[in-house]
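Accompanying notes for the structure given below.
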Amino acid sequence: MALGGMVALAGSAEAATTLGAAATAKGRYFGTAVANNRLGETDYVNTLNAEFNSVTPENEMKWDAVEPSRGSFNFAAADRIVNHAKSRSMQVRGHTLVWHSQLPSWVGSLGADELRKAMTTHITEVMTHYKGQIAAWDVVNEAFQDGTSGARRNSPFQDKLGAGYIEEAFKIARSVDPAAKLCYNDYNTDGINAKSTAVYNMVKDFKARGVPIDCVGFQGHFNSNSPVTADFQQNLERFAALGVDVQLTELDIEGSGSEQAANYEKVVKGCLAVSRCTGITVWGVTDKYSWRSSGTPLLFDGNYQKKPAYTAVLDVLNGGTTTPPTSPPPSTQPPTSPPPAGSGSCTASLRTDSSWSGGYNATVTVKAGSAAIGRWTVTLTMPSGQTVVSLWNGVTSTSGNTVTVKNAAHNGSLAAGASTSFGFTANGGSTAPAVTGCSVS
């Protein structure tokens, strides 16, 4: 079951009345986490079946659930969820193969050689059991520390196998089921910060060296202490520009009423604006079973009634036109008679989106002049001591304090008067650079 295999564009112009149908009309999926022990509850199942077209087992595929003792596998609970999904033509996200938490004690007691064997066996056995039934796997989950260090999290895998265990896990997974999408999944990576940039750099390295990775999951656990970030969409865009799909994998937003609805709206709009954001999964069907139930973070209340947040999400999914998902991102077709080299013109303007004592995030908007252009190049003059540490939706090179940014494959061709943008994170100071040129070819 390919990740996009169940998605068919709706042929009707009428607004869809369910989350799954509305997402399908936009070429995405809309899923939920499912607990096996709730599948006997009528309201739970009816809501699941009516509204969602993708499921993620909440706990039933984690290591302690499927391999509680070494070499002894139990798939009964996970099978029930997968079989239910298949009976409803829903796709399934496998969650998760390698994670520091919910590990049986025997895993942590192994030495390095035996742990590597155990990891290989676990990935192989679980993926083989579900081969052809899982759209995407969270191969490795939550491997980076919170905070500003960007370091890998201490775990039996990190401590005994080193940072290379993540790469090993992805290579094993690809060899077992070449058709499944392979994802890295984490939390507190929804905006541009040290942790998300560490993940970004890992993914960039993997893509450069041919390590198999197809997608990145952003969990999306938001509340008043961890709100939806202003650069949420930009963060998705920079990962997508690396050539991976992005998904919201465990979305829940604490709150109520119009404020909660507005936050859900912002997140869904951000996904729809990114061509490679292929789907959204909320972490549960109803508030009463949420792991954060006191914060009422889901779209259905404890009585399975639709909340204002539900209506906001459905309205966004039904509204407007969005960039359809493709893999890889679409390239704008050049004009039938492309302008000769040197014709046309462009302008570039910079805004600072957020800043701190040692750096900032910025967006540069590139706009075509009175004629269409096929490619663009922007030059920036950085203040002394500043460096660009990450950049998305463009290709960069640096010489001294001059940073040259050329268009990415998908955003070079612009119609007359049209615009696109790229973004970057800089360290070494909070003063914005000067835009010193925009040229076309």
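The values are calculated or read from the model by the stated rules, or taken from the named source; none is laboratory data. Predicted, not measured: the structure shown is a model, and the values here were computed from it. Heads up, the Cβs are rebuilt from the backbone with ideal geometry, glycines too, and the neighbour counts pull from every protein chain shown. The area values use the complete protein model at the heavy-atom level, side chains included, leaving out ligands, DNA and RNA. Shrake-Rupley method; radii C 1.70, N 1.55, O 1.52, S 1.80 Å.
Region 66-83 and region 154-178 have Cα centres spaced 21 Å apart.
Solvent-accessible area of R375, all protein chains in place: 130 Å² (probe radius 1.4 Å, heavy atoms, ligands and nucleic acids excluded).
By the Cβ distance rule of under 4.7 Å, the chain has a partner for each of its cysteines. Please say if region 96-164 is rounded, prolate or oblate, where rounded means a/c under 1.5 for a ≥ b ≥ c the square roots of the C-alpha gyration tensor eigenvalues, and otherwise the choice is prolate for a/b larger than b/c and oblate otherwise? Oblate shape, in that a/c is at least 1.5 and b/c is the bigger or equal ratio.
P(r) tail, region 160-272: Cα-Cα pairs separated by more than 20 Å, 44% of all pairs. A dipole drawn for the chain from +1 and -1 charges on Cβ atoms has a positive end, and of T431, G191, P68 the residue lying farthest that way is T431.
Along its principal axes, region 136-220 has C-alpha extents of 35, 28, 22 angstrom, given from the largest down. Springs between Cα atoms under 10 Å define the GNM used for the chain, and in it the highest mean-square fluctuation of M61, M382, M90 occurs at M382. Rolling a 1.4 Å probe over the protein chains gives K131 an accessible area of about 110 Å². By how many nm would the segment from K160 to T431 lengthen if fully extended, with 0.36 nm per residue of separation less the alpha-carbon distance? Result: 93.3 nm gained on full extension. Using only the alpha-carbon atoms of region 21-93 as identical scatterers, what base-10 log of I(q)/I(0) does the Debye formula give at q = 0.25 Å⁻¹? One equal scatterer on each Cα of region 21-93 leads to -1.11. In this label model, T352 and S175 are separated by 5.0 nm, measuring between points 7 Å along each Cα→Cβ vector. Within the listed set P68, P297, P57, the Gaussian network model of the chain (springs between alpha-carbon atoms below 10 Å) gives the highest mean-square fluctuation for P68. A convex hull fitted to the Cα coordinates of region 71-117 yields 97 cubic angstrom per residue. At the residue level, S345 shows approximately 60 square angstrom of accessible surface with a 1.4 angstrom probe and all protein chains present. Considering only protein heavy atoms and a probe of 1.4 Å, how much of the accessible area of the chain is carbon and sulfur, as a whole percent? Reported share for carbon and sulfur atoms: 49 percent.
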